[in-house]
Each structure stands twice: as C-alpha cells, then as structure tokens.
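To start, the structure itself, in structure tokens.
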Amino acid sequence: AFLLGTMIWDGAFTLSEGLLCLICFIVYILYALKSQRKDKEIKKEMKGKMQKKKLKTRTWVTLALGAFFIYLGATYTIESIIQLSSILNIGAEIIAVSAVALGTSLPELVVSVNAAKKGKHEVAVGNVVGSNIFNAMAVMGIPALVGTLVIPESMITFGLPMMIIGTLLFFFTVQDKEVTRWEGWMLVLFYVYFIGKLFNLF
C-alpha cells in the first residue's frame, strides 16, 4: 500500500514503476510457495490429490470460456462506467472506486464470510491480504506495461489517504492475531464513512 502510494503520488504510474510492482509480486509469490513447501504434511496431501485427479478436457474448456467471459465482462464494465459517468455527471474514477470496486470484491466477501463460519479464519484473512497484494502489484503493474497511467487528482487527495488509513487500521487490528466483532464494525463504519465522503453525503 505504501509502495503504491509513493508511486502514484506524482499523478502518474509509469512503465518502470509497473515493472517494479510486478517484480515485487513475483517475489511475494515465490516466498509464499517456499513457505508452503516447508510444511511436509500439506505437500504430501496436495501430491496425493493431484495423483488422484487428472485434468479433463471439460476443465480446459471451462477455463477457456471463463477467461473469455471475464474479458467480455471487463469490456462492458469499462463502457458502462463511461456512460454512467456522463449520465450522472460525475468522474469515472468515482464510479470505479465505489460501485466497480464493491462489485469485484463481493466474491471475496462471500469467500471470507463462509471461511469464518467454518472456522477457517486463516483463509478469511489470507483472502483479504492476498487480494490487496495482487491488486496493488499485478492489477496496477500489468496495465502500466501498455502505457503510463494518469492518476486523477481526487484519487491522490482523497482515495490514496483513505487507502493508507484503512491499511494502518487493518495492520494495528491484527497485531493481537485476532479481529474482534467491534473491530469488524469499526472497519465497516470506516468504509461507510469513505463512501459517504466520496459522494458528499456527510
């Protein structure tokens, strides 16, 4: 979060910055895989499952169709943002940082809630942390390979500080290795405040 904040502070996200983010993401993935290999039991279990299950043609077809519809969905999402921006007379970045961000995060929310219900707290927290690392490094880094990304002023003066504050809140919340109910409500209320300020409701 702080690395991304430093990079976009000047209002532009360049090719070199994108490459740096992608390198950081690759290092993170390699570190995560190396850490997983240390657990011999997990390695044995995964090896056994891989031997039992072989990839079928149906799996590859499903993967290809999924990739196609993701691309199609992304294309229509961009067009919808532009049209909504014109109709509502608000910046496209406002719609992206609210409705689009919420929509793309709903699957993660469902996964984390279900994991918490089943007592798989490490999955719930890992899902959140991993998703944010991927977004900050890969989702920003890959588009920068195409060309320099121009960062809107509102994102620098409002969106970025709120992201940093949210990151710090989460960081201090998990220092005791748990997230209590009242801490969860605090984070939810912080998001409500963010949306309210974004649309000048407060």
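Between the listed residues N135, G11, Y28, the Cα displaced farthest toward the positive end of the dipole of the chain, a dipole computed from Cβ unit charges relative to the Cα centre, is found at Y28. Couplings 3J(HN,Hα) of the range 26-34, computed from phi: 5, 4, 4, 4, 4, 5, 5, 5, 5 Hz, in residue order, whole Hz [Karplus 6.51 cos²θ - 1.76 cosθ + 1.60, θ = phi - 60°; x for Gly and Pro].
Taking the accessible area of the chain, probe 1.4 Å, and keeping the other protein chains in place, the carbon and sulfur fraction comes to 70%. Helix 160-173 against the longest principal axis of the chain: what's the angle in degrees, Cα atoms only, rounded to the nearest 10? So the inclination is approximately 40 degrees. If one takes the longest principal axis of the Cα atoms in the chain, at what angle in degrees, from 0 to 90 and to the nearest 10, does the Cα axis of helix 181-198 lie? On a 0 to 90 degree scale, this one is about 40.
For the range 51-178, the relative contact order comes to 12 percent (Cα pairs under 8 Å, sequence separation of at least 6). Taken about its Cα centre, the chain carries a charge dipole of about 1640 debye when Lys and Arg each add +1 at the Cβ and Asp and Glu each add -1 at the Cβ. Please check: in the Gaussian network model of the chain (C-alpha springs, under 10 Å), which one of G119, G91, G18 has the largest mean-square fluctuation. It is G119. Beyond 31 Å in Cα-Cα separation lie the following of the pairs K34/K117; K56/K177; K34/K197; K120/K197: K56/K177; K34/K197; K120/K197.
Centroid-to-centroid, using Cα positions, the range 183-202 and the range 115-152 are 21 Å apart.
Under conditions of 20 °C and 1.002 mPa s, the range 107-183 yields 147 µm² s⁻¹ as its translational diffusion coefficient, taking Rh as the Kirkwood radius over Cα pairs in the Stokes-Einstein equation. Applying the Karplus relation 6.51 cos²θ - 1.76 cosθ + 1.60 with θ = phi - 60° to the range 71-83 yields 3J(HN,Hα) values of 4, 4, x, 5, 4, 5, 5, 4, 4, 5, 4, 4, 5 Hz, where x marks Gly and Pro.
For the chain, the solvent-accessible area of protein heavy atoms averages 74 Å² per residue (probe radius 1.4 Å; ligands and nucleic acids excluded). Seen against the Cα atoms of the chain and their longest principal axis, helix 101-117 is set at about 40 degrees.
Summing charges over neighbours of W9, with a neighbour being any other residue whose Cβ is under 14 Å away from its Cβ, gives -3 when K and R count +1 and D and E count -1. For the range 106-164, trypsin sites (Lys or Arg not before Pro) meeting the loop criterion (DSSP other than H, G, I, E, B) and having at most 15 other Cβ atoms within 10 Å: K118, K120. With Rh defined as the Kirkwood radius, the inverse of the mean 1/r over Cα pairs, the Rg/Rh of the chain is 0.99. Database remark: amide H of I151 closer than 5 angstrom to the amide H of A12, F13 (H placed geometrically; neighbours at sequence offset of 5 or more, or on other chains; Pro and chain starts carry no H). Note on the chain: GNM, Cα springs under 10 Å; of A96, A144, A74, the largest mean-square fluctuation is that of A74.
The values are calculated or read from the model by the stated rules, or taken from the named source; none is laboratory data. If you're wondering where the values come from, they're calculated on a predicted model, not measured in any experiment. Cβ: placed from backbone, ideal geometry, glycine included. Neighbour counts: every protein chain shown. Remember, those area values only see protein heavy atoms, side chains included, never the ligands or the DNA or RNA. Shrake-Rupley method; radii C 1.70, N 1.55, O 1.52, S 1.80 Å.
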